[in-house]
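Novice: Below is the structure I would like to discuss, written out as structure tokens.
Throughout, read-outs are computed from the coordinates displayed, never taken from laboratory work. No experiment lies behind these values; they were computed from the predicted model shown. Here the Cβ is made from the backbone with ideal geometry for all residues, glycine too, and neighbour counts use every protein chain on show.
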Amino acid sequence: ATPEEAARMGSVIHDEAGRLAARLGDLLFLSELESGQAVLDEGDVALSALVESVFRRVAGAPGDEGPRWETSIAAGVIVPGDAARLERAVENLLSNARKFGPAGSVARVTLRAEGGRARLEVTNAAPELEEEQLPRLFDRFYRARPNLRNGTGLGLPIARDIARKHEGTLDAALADGQVTFTLTLPLSEA
């Protein structure tokens, strides 16, 4: 191979090895969560600030392809838990909306305190998604649109298991071509 071909092949191998390492890391993390071996670093987490921070990182710059974002993030929502794990769950939900929300559609992020619980809703357009697919979205490796290369089918199972580990829930609902993922967590007593 020429030096240019060797450099290109090396770059491809490096990129693929990184993707494989990330998938293996996700699988190990998911196994820890499901087996109950994951240890939480407990403390009060300013969920409002966490969601805003993840949103700034994930939403992309104005004009990027993908959905337009609307947000309503209540201040002062605090939950007990592991900040790094909760950040991962929130990032998985927002990344999912960014990857799968069609360009020009609207994606919404809403956080509020309600009935002693924090309620985070992430909504995006999902015109191809059907009601019977909703329960499968939380299965390992399931991809509602297998023809797309985006995603591994691990983000939602990881987010669900993180929610459960924090005595919370993660559910999906479909209405009018929009999918809404709702994460609920107990509020901090402090």
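Novice: Just to confirm the filter: which GluC sites (Glu not before Pro) across the range 55-101 are DSSP coil and have at most 16 other Cβ within 10 angstrom of their Cβ?
Specialist: GLU65
Novice: Let me ask another. For ASP171 and ALA113, FRET efficiency with R0 = 25 Å and r from the beta-carbon atoms, rounded to 0.05?
Specialist: Working from the Cβ atoms, E equals 0.90.
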